[in-house]
Amino acid sequence: MAAEHKTVVLTRTPEQSESMARALSDLGVRVISFPTIELIPPPDEDIIRQAVTELGTYDWIIFTSINAVNHFFAYLDNGDACMQLPKIAAVGPATASALAARGYKVNLMPVTRFQAEGLVEAFVALSPSEKATSGEKPDAKKGRILIPRALAARDVLVEELPKLGYRVTVAPVYETVRARPGSADIDAIEEAEGIVFTSPSTVRNFIDILDDTKIGKGLAYLGSRKIFSIGPITTAELYDNSASENQIFEAKESTGKGLVELIATRL
């Protein structure tokens, strides 16, 4: 295996990186956790608290990440205890697994495109009549959708689902802020052969963190290592930050498993 005895940096929070780190370690890869993001409560919790009291009025609830699952359930009185929810849509298998662990079955999930665009396609495919047409107004018959998510996130679902006739409510359940690793953490990643990014925010924050300590270090670091991206949205952010095409490796499947398989053969 090409990656054995080599070192890779994971930029998610330790909780998010746990399963990937374990899988890579089992393959003989040395893993360094270098969190670039921290998750904190949203500045305004009234929206999600109100939505929780009105769950019975929603037809769908969409989860776009494991973080959204964990933080949403923190607002329920019973926490992990099963309660009646609207029909559930999940962005991908990892998110679906997080819901299954709490006793909930996912009703809708993309087949292969595990991102917001894939969720839109899944809703379009629900019925031949549910075709996206620009300018279509929300239809009471299509129902209401609740999206508990990060405060700052891509608005693909918010923009596209109303075109299918749905009424969408976004309820922030957490906010993503930049982590503040110490100088020892920064020194620890110097010898790594590869670095993993799972979202545009991990890319931006990583560069900012290193630039704050060593001028120009962020882009210089990326320029000398193999970069592993979870999918096209993250890859686009890397290109926007001057990463070279020949050093970026993108997972075929936008999941932790897909990244592990990629790193095992490309690191």
Burial order of peptide ranges 97-108, 158-169 (average beta-carbon count within 10 Å, highest first): 158-169, 97-108
Estimated 222 nm signal from helices in the chain, with DSSP H stretches of n ≥ 4 weighted -39500 (n - 2.57), rounded to 500: -10500 deg cm²/dmol
Could you give me the ³J(HN,Hα) list for the stretch 104-118, computed from phi with Karplus coefficients 6.51, -1.76, 1.60 and θ = phi - 60°, whole Hz, x at Gly and Pro? 10, 9, 7, 8, 8, 7, x, 6, 9, 8, 7, 7, 4, 4, x
Could you tell me what percent of the accessible area of the chain is made up of carbon and sulfur, with a 1.4 Å probe and every protein chain present? 50 percent
Rg from C-alpha atoms of the chain, normalised by the globular rule of thumb 2.2 N^0.38 Å, equals 1.06
Per residue and in cubic angstrom, what volume does the convex hull of the Cα atoms of the stretch 13-122 have? 131 Å³
Would you mind getting the accessible area per residue of the chain, heavy atoms of the protein chains only, 1.4 Å probe, in Å²? 48 Å²
In nm, to one decimal, how far is the modelled label at residue 105 from the one at residue 159, with both set 7 Å along Cα→Cβ? 3.5 nm
Which cross-chain or sequence-distant (5 or more) residues have an amide H under 5 Å from the amide H of residue 174, H modelled 1.01 Å from N in plane? 149, 151
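The values are calculated or read from the model by the stated rules, or taken from the named source; none is laboratory data. Given the structure is predicted, the values throughout are model-derived calculations rather than measurements. A quick note on method: Cβ atoms are made from the backbone with ideal geometry, for glycine too, and the neighbour counts reach across all protein chains shown. All accessible areas refer to the heavy atoms of the entire protein, side chains included, with ligands and DNA or RNA removed. Shrake-Rupley method; radii C 1.70, N 1.55, O 1.52, S 1.80 Å.
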